[in-house]
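**Student:** Please see the structure below; I have some questions.
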Amino acid sequence: MLEVRSIFKGFAGVPALSDISFEVSENEYITLLGSSGSGKSVMLRIMAGLLNPDAGQIFLRGEDITNRPCHERRIGFVQQKYALFPHLNVFDNIAFGLRHRNNDRMTDESLITRKVSEMIELVGLTGQEQKMTGQISGGQKQRVSLARTLVTSPEICLLDEPLGALDANLRERMTIELQNIRKELGISFIHVTGNEFEALAMGQKMLVMSEGRIVQQGEPQTLYTMPQDLITAKSMHSFNIFSGDMMADYLKAGIKGKVPATKISRASHCAVRMDKISVANSSAKASGLEATFLTSEFLGNKVIYFFKTNDNRICEVEDHMSLSEPKLLNANSTYRLSWDASDMLLYDENKQLIS
Amino acid sequence: MRSNKGTWLLLAPGMIWILLFLVAPLIMMVYVSFWTQTTFSIKPDLTTQSWVNFFSSDTYFGALLRTIKIWLTVLIVTLLIGYPVALYIGQFIKNKTLQTALLVTCVIPFWTSFLIRVLAWRPMLGKEGAINIILQKIGIIDAPIEVLLFTELSVIIGMVQIYVVFMVGPIAFMIGRIDESLIESARDLGASASTIFRRIILPLSLPGVIVGSIFVTVMVLGEFATASALSGRKVNLLGNIIITQVGSLKWAFAAVAGVVLTIVMAAFVAVMLRIVNLRNQI
Amino acid sequence: MDKVVSLKWFLGIFTALFVLFLYGPFIVMGILSFQQGPEGGPQFPIIEWSTYWYQHVMGYAPPSRVAPLPIGEALIRSLTLAFATMVVSTVMGVLTAQAFRRRFRGSGLVFYSVILGMIVPGVLLGLGMALLANQFGIDRNWWSTAFVLHVVYTYPFAFLVMLAIFNRFDASVEEASLSLGVSPARTFRKVTFPIIFPGVLSAMLFAFTLSYDEFPRTLFTGGSDVTMPLAIYGTFAVEIHPNLFAFGVLTTLFSFSLLVIYAILLSVSTRRQRARASGLQEDIS
């Protein structure tokens, strides 16, 4: 439905996006994960028509919209800091697009009232219609911003870090609500975020961006379990990554089972998911990587343990409370860390997964 | 996105206006200053006669020197009076409302016509004026001071009162903008009050001084009304010369005086703008 | 610390004296406006307190040797001129400041050539304009040659005010409007303009005040129909009378009451908005 074809964009000679291509299908929730400076917001602004690409094309339902001005694209854009109209109340904010857009402008106030009221109900803002934007909370602002865009029934809706400014509680609730609202309306969403859990949880499809490139795209499940690219693995914040000379030692020390020698010879980096590492006492005869326990962090549904290896690297181990009881470890004592050969991902010098 | 064409379209009305009604008149003034002036008429034959006359005449060259003297005096006095006031408003008044109220107090006199404000100095400074009456009442002087009115002094007093606010405003604005934590941390580090003033407040208020000086300069150099109202036509500034020359239809001569005035002013403003970039201060 | 406290006192007293200096002539003017008339002159002592000169300004006083101020026509001319100047310079100031929101080549040159309009002394510009008008055989009138110079003078002020406003303006609301399908022109009318309106208002106030009192630029270009400042300047040549002072007091009171009305309107509208916001009031529209 929407196709982005090899987009390039630079600012004052510094490349911000290079060769970005992807597709969005009908009725799909796509998340775009990237750290700040990865180019994800630039990509969003180009799709919205707020920036022009240096090269490349964008097609919407087969039509080239690359040079079409923003207000004729029918692409909704929900901004990071809501960008509500400060001089209008909640109702007028939401009705703004219907009343003033160039194409298909509505003049029938009763029709506007009906559409806006439906949308207000859908996003759960009933009773707030007459409030000014300064008088509502962050979560409500987020809903107004979303409703304002969705009421104009855009072909596709872009969301720039929509949950970034909300507190943790609200974020969780909005995560569910966003998906429900989208399903209700059947509009495709492209959701940009720097938070890997948000990206994993919400997307039916997920794109990972780094340094202006798309490093991997696919289903969140696949990306999480089998990151094809080391950068993808890094951006999940769920892997311990070992590189360079030291890697060989870890390979020998920590693995249970065999890894084919041909694979090892090609590998420059390896990654082990934090929840796939098991911890044993150093006195136990079992093999494993020696490491000193530093501290742990209790996160409610999981615990993260921090270890220091003999060459002063930090190795994190994660325990999910649903699977096991929290471990009782002594600070500054030495333990042995080990993992299954099959849980270890090896990457070549180009940071690509060796299969 | 709006294109570059859009930018120039937005700029077009202002730029055309400036070219037609600001740049063109200034060029015309320079051009006319080289025309041939006779007693009764003016001809567009190019000559430097008016320029030679201007600089060889004691009256006109003297007026130039007097203009510069009065300008520099007013500039220095407004700075000396204006800076402490600005320092008080910007640094010692912490209450924002009070600060605004004080600044508004300074601006209120501007609602009275400039010319009436100038004239109001006459009953103030005259032989039987308010100042002499008060000084005699409290016994500081026996006989009224006569040099107060219709002298260079009265012109300077009048100009200082009218233009000092343009010095206070920009300086107070810059001082008020200084981050309070900067001064506090300097104090915590043991800096004395005078060090804080010299090393923090003075340099940060400098752009205000520059902007204020530019304001006062362009206004004083273009002045003629204060001089004619408070000097009894005894003090002639370049501005007054221009007025009388135009009155007697000596356009070329008026243009010469105008160009000279522009050069003095442009030189000063250019030097000031070297010190501070006006655009960054907004 | 003691030094700082004594400095504070010193500066406080200095500032008080400064305010006295600013208002001194003002107070004297106020007192003398109640001088006896028509014989009493614009100086002390007060022969007898009276409101004669106020009546004189209003045109109620019986004819005397003191000619009445040409208030009627000159005042209307001045107000018309100030209004037109205000509209044109504010529109141009907003447009130029809008252009400055994007970087463009030559912006420094454009910036300083606009600023030049407030820097060049009025006499010079008036002279240049008069010469130009003579050259092309254009009649000099307050509504033509004087008007364009008034705009040259007030346009930079409006521009600077709007530039400062736009520096604090969050452009994302405009982007939001565009992405809702609203054209750039309508976005400006429905989003940008309402938000910057308070700034526009103060730019207008600036332009009006400056133009109303402007006089060196008008002197050579205003033609034979005088504006208010020119009328006052005309009295310089002859004797001045306390009627000028009475007029000064009246205009000050007039502008003061205008400002009070403006402040009241502003506070009423914010209070109404707050009431609407808290839902205490039914939607009025």
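The values are calculated or read from the model by the stated rules, or taken from the named source; none is laboratory data. All values reported here derive from a predicted model rather than from experimental measurement. All Cβ positions, even for glycine, are placed from backbone atoms using ideal geometry, and neighbour counts span all protein chains on display. Just the protein is used for accessible areas: all its heavy atoms, side chains included, with ligands, DNA and RNA removed. Shrake-Rupley method; radii C 1.70, N 1.55, O 1.52, S 1.80 Å.
**Student:** All but one of (1) surrounded by fewer than 20 Cβ atoms within 10 Å (Cβ to Cβ); (2) out of contact with any Leu (no Cβ under 6 Å at 6 or more places or on another chain) hold for B:Tyr83, so report the exception by its number.
**Tutor:** (1)
**Student:** Mind listing whichever residues of the stretch C:10-28 are under 29 Å from the mean Cα position of the chain (by Cα), at pLDDT 90 or above and open to solvent by less than 20 Å² (accessible area, probe 1.4 Å)?
**Tutor:** Within the stretch C:10-28, C:Thr15, C:Phe18 meet the criteria.
**Student:** Among the numbered conditions (1) farther than 30 Å from B:Leu204 by Cβ; (2) part of a helix (DSSP H, G or I); (3) polar (S, T, N, Q), tell me where B:Gln91 comes up short.
**Tutor:** Tallying (1) farther than 30 Å from B:Leu204 by Cβ; (2) part of a helix (DSSP H, G or I); (3) polar (S, T, N, Q), B:Gln91 fails exactly one: (1).
**Student:** Could you say which residue among C:Phe147, C:Phe159 is open to solvent by 30 Å² or more (accessible area, probe 1.4 Å), at pLDDT 90 or above, closer than 27 Å to C:Thr227 by Cβ and assigned by TED's automatic domain parsing to the domain that holds C:Leu81?
**Tutor:** C:Phe147
**Student:** Next up: Tell me, please, whether a residue that is open to solvent by 60 Å² or more (accessible area, probe 1.4 Å) and either aromatic (Phe, Trp, Tyr) or touching a strand residue (DSSP E or B) at 6+ places or on another chain (Cβ under 8 Å) (or both) can be found in the stretch A:131-141.
**Tutor:** Yes, the conditions are met somewhere in the stretch A:131-141.
**Student:** OK, next. Please name all residue pairs, on different chains or six or more residues apart, with Cβ atoms under 6 Å, provided the first residue is in the stretch C:9-22 and is of a type in the set (Ser, Thr, Tyr) and the second residue is surrounded by 15 or more Cβ atoms within 10 Å (Cβ to Cβ) and at pLDDT 90 or above.
**Tutor:** C:Thr15/B:Val85; C:Thr15/B:Tyr88
**Student:** Among the helices (runs of 4 or more DSSP H) lying completely within the stretch A:114-214, list those that include at least 1 residues that are of a type in the set (S, T, N, Q) and under 26 Å from C:Ile195 (Cα atoms).
**Tutor:** Counting at least 1 such residues, we get A:138-150.
**Student:** Can you tell me which residue is nearest to the other protein chains (Cβ to nearest Cβ) among those in the stretch B:227-282 that are over 16 Å from B:Thr59 (Cα atoms) and touching a strand residue (DSSP E or B) at 6+ places or on another chain (Cβ under 8 Å)?
**Tutor:** B:Trp251
**Student:** Something else now. Residues that are within 14 Å of another protein chain (Cβ to nearest Cβ), open to solvent by 20 Å² or more (accessible area, probe 1.4 Å), modelled with pLDDT of 85 or more and under 19 Å from the mean Cα position of the chain (by Cα): does the stretch A:161-170 have at least one?
**Tutor:** Yes, the conditions are met somewhere in the stretch A:161-170.
**Student:** From (1) without any contact (Cβ under 8 Å) to a residue 12 or more places away in the chain; (2) under 26 Å from C:Leu205 (Cα atoms), pick out the condition that doesn't hold for B:Ala130.
**Tutor:** B:Ala130 satisfies every listed condition except (2).
**Student:** OK, next. For the list (1) open to solvent by 30 Å² or more (accessible area, probe 1.4 Å); (2) under 28 Å from C:Pro229 (Cα atoms); (3) touching a residue at least 12 places away in the same chain (Cβ under 8 Å); (4) at the interface with chain C (Cβ under 7 Å from one of its Cβ atoms), I need the number of the one condition that B:Trp111 fails.
**Tutor:** Going through (1) open to solvent by 30 Å² or more (accessible area, probe 1.4 Å); (2) under 28 Å from C:Pro229 (Cα atoms); (3) touching a residue at least 12 places away in the same chain (Cβ under 8 Å); (4) at the interface with chain C (Cβ under 7 Å from one of its Cβ atoms) one by one, B:Trp111 breaks only (3).
**Student:** On to the next question. Does the stretch B:81-89 include one or more residues that are facing chain C (nearest Cβ under 7 Å) and over 14 Å from C:Val19 (Cα atoms)?
**Tutor:** The answer is yes, given that some residue of the stretch B:81-89 is facing chain C (nearest Cβ under 7 Å) and over 14 Å from C:Val19 (Cα atoms).
**Student:** If you go through the stretch C:85-101 one residue at a time, do you hit one that is more than 9 Å from every other protein chain (Cβ to nearest Cβ), under 25 Å from C:Phe236 (Cα atoms) and in a helix (DSSP H, G or I)?
**Tutor:** no
**Student:** Still on this model: How many of the residues making up the stretch B:222-251 are surrounded by 24 or more Cβ atoms within 10 Å (Cβ to Cβ), assigned to a helix (DSSP H, G or I) and touching a Ser or Thr at 6+ places or on another chain (Cβ under 7 Å)?
**Tutor:** 2
**Student:** Evaluate the following for B:Lys96: is it within 12 Å of another protein chain (Cβ to nearest Cβ) and over 23 Å from B:Met265 (Cβ atoms)?
**Tutor:** So B:Lys96 fails the test.
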